[in-house]
Structures are given as C-alpha cells and as structure tokens.
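One structure below.
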Amino acid sequence: MAGVASHAVITGSTSGIGWGLAKAFASRGYDITLNGLADSDAVQRLVDELKTEFKVQAWYSPANMMKPDEIQKMIVEAESRNSKLDVLINNAGIQHVAPVEEFPESKWDAIIAINMSSTFHATKAALPGMKKRGHGRIINIASVHGLVASPFKSAYVAAKHGVIGFTKSIALELADTPITINAICPGYVRTPLVEGQIEQQAAAHGISKEKVIRDVILAAQPKKEFIEVEHLAELALFLAGPAGRAVTGSSMTMDGGWTAR
Ligand code: NAD
C-alpha cells in the first residue's frame, strides 16, 4: 500500500532490548506494535511516548508468548492495523539460573515456550502475509548462549541454540523469496533481565554488585563493558533495511569478543 509506513512487531518490547528496538525503529519512521507483560498505565505511557516523540503510529498487543493462539492473534491484528507487517522481531525472553538437578520443570517449560517456541508461532503466523506482499524481515534476538554455553543456564542455552537452528532452517525454506530471517546474538546488555542476575549473584556469593559485574557477569566478555541497546538496534535496522537483503540464516554476534575465545 503506497504511502503507508513500514510496520514492525516487536515481542517483549515493554522493557530492555525490545523497548530500545521499538524506539530505534520508530525513530526511522516505522509504526510499532509493542508487546510484553506490563500494566495498562505503563503500556499507555510507552505507546504515547512512541507517538509523541517519533510521530508514528503505535499499538500494544497483550499476547502471552506462552500461548500460541494469542501469538497468532497478535500477528492477525497487527496486519489488520496498517495492512502490513514488514518486520517481525522475536525478542521476548526470560531467564532462570539453577543446577539442572534443581531446575524447576515449570521454569524449563516457560523458557522453552517464551524464548524458543514463540519464535516458531510468530514466524508461522507472519509468513503468509509477508509472502503475499513480497516483503518481510524476521529478526530473532538469540544470544551468545545460542552459540556457546554457560553452566546453570540449561533451559536458556537450549532455547537459544534452538532459535539459531530454527533461523537457519527457515532461511533455507525462504531462499527463493525476498523474505530474510536472521538471529542477533548479544553478549551482556544491562537490562532488567541482567539486573536480576546481578542481584541474585551478589546475594548468593555475599559480594558487591560491582564485583559481580566485573568478576562474574563480564568475566566471559573480553571487552569488559556491557553492549549498548542502541548499538544492537543499529544492527537490527541494518538487517531490516535494503542493504540487508542478501543476509539470511546468519547469527550475528555483538558480544565484546565473547565467542572469539
Ligand atoms: P527484559 O526482561 O528487560 O525484557 C523482556 C521482555 O519480554 C519484557 O518486555 C517482558 O514483558 C517480555 N516477556 C517476558 N515474558 C513474556 C511473555 N510470557 N509474553 C510476552 N512477553 C513476555 O529482558 P532483555 O534483557 O531486554 O531481553 C530481551 C531478549 O534479549 C531476550 O530474548 C533475552 O534472552 C535476549 N538477550 C538479552 C541479553 C542481555 O544481556 N540482556 C543478552 C543476550 C540476549
């Protein structure tokens, strides 16, 4: 549809990396469908901020990424809003850290559902429309933990490796279409998800948050600094833009050298 702005659906975008991606895409003129678990006041503030600051259209889907029918509804409603969905960013994710013998089954199931299976459900729902319109970019926010492992994160590492495998498989399925699918693999970004881990580790080891950041969190990240959300967003914008058209099935790291070891 001529004259209609591009539209990006970003799962888990009420916080952290997803919210940073939403602001970056809005700043380039994309209409945005936000998603995530947040109360209605917080959601309204985020929607208003996108509309006011970037003069784009913005909506919110309350879809729970553990529920396939809600994910499908999110995509159907998103496509009905401005008649297109150009970019799908599968970003929602949670973490739980525990030895495997103590890992709660419910946490395993939730991490596999939110961090991995939601990517399948959203992609499956978005592809028919993208194929019909002859355009689409799918960006999966994986992690360095999709490429390498750390102990005590079995569900997260399994889910993120799964996202990368899924990304490669679908890239091959879509090779004769103009649609691309890629994974971005960040090292540590200082979001609420990571703040939670810093606080847990500080309490568990009886050490300061600063010591946890230096000796535990950033121990594997040679550059010893957190990845900036704005820089991740530039990588996503590249994949969504015209220069990204030949990039598909890739797992692009932004990890301060982590996976060079
Ligand atoms: P975050 O906790 O700040 O944000 C997570 C988002 O997911 C929130 O909007 C939350 O509401 C949403 N979410 C959680 N459960 C949901 C559900 N059931 N249904 C719908 N939405 C749900 O975390 P973040 O650090 O911004 O992480 C975003 C993504 O980036 C995740 O996939 C994470 O694994 C990945 N990642 C993060 C880091 C990091 O260091 N922060 C590094 C690599 C990859």
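Considering A243, A204, which residue is open to solvent by 40 Å² or more (accessible area, probe 1.4 Å), assigned by TED's automatic domain parsing to the domain that holds Y30 and assigned to a helix (DSSP H, G or I)? Reasoning before the result, please.
Numbers: A204 fails: assigned by TED's automatic domain parsing to the domain that holds Y30.
Sole residue among the options that is open to solvent by 40 Å² or more (accessible area, probe 1.4 Å), assigned by TED's automatic domain parsing to the domain that holds Y30 and assigned to a helix (DSSP H, G or I): A243.
Check off (1) within 12 Å of the ligand (Cβ to nearest atom); (2) under 14 Å from the mean Cα position of the chain (by Cα); (3) closer than 23 Å to V229 by Cα for R137 and give me the number that stays unchecked.
(1)
So that you can scan it fast, the table gives a plain yes or no per residue for (1) assigned to a helix (DSSP H, G or I); (2) not β-branched (V, I, T):
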| position | (1), (2) |
| --- | --- |
| I170 | yes, no |
| A175 | no, yes |
| N182 | no, yes |
| I198 | yes, no |
| R214 | yes, yes |
| F238 | yes, yes |
| M252 | no, yes |
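Within the group A202, A142, A155, A171, which residue is among the hydrophobic types (A, V, I, L, M, F, W, C), modelled with pLDDT of 95 or more and more than 29 Å from G241 (Cα to Cα)?
Details: A202 fails: modelled with pLDDT of 95 or more; A142 fails: more than 29 Å from G241 (Cα to Cα); A171 fails: more than 29 Å from G241 (Cα to Cα).
Matching residue, one of A202, A142, A155, A171: A155.
Of the conditions (1) away from the ligand (no atom under 13 Å from the Cβ); (2) touching a residue at least 24 places away in the same chain (Cβ under 8 Å); (3) over 23 Å from D86 (Cα atoms), G196 clears all except one; give me its number.
(1)
Can you spot a residue in segment 222-244 that is of a type outside the set (A, V, I, L, M, F, W, C), within 11 Å of the ligand (Cβ to nearest atom) and in contact with a helix residue (DSSP H, G or I) (Cβ under 8 Å, 6 or more places away or on another chain)?
No, that holds for no residue.
The values are calculated or read from the model by the stated rules, or taken from the named source; none is laboratory data. Just so you know, these numbers come straight off a predicted model, no measurement behind them. Counting neighbours? That spans all protein chains shown, and the Cβs are built from the backbone with ideal geometry, glycine included. Just so you know, the surface numbers come from the protein's heavy atoms only, side chains and all, with ligands and any DNA or RNA stripped out. Shrake-Rupley method; radii C 1.70, N 1.55, O 1.52, S 1.80 Å.
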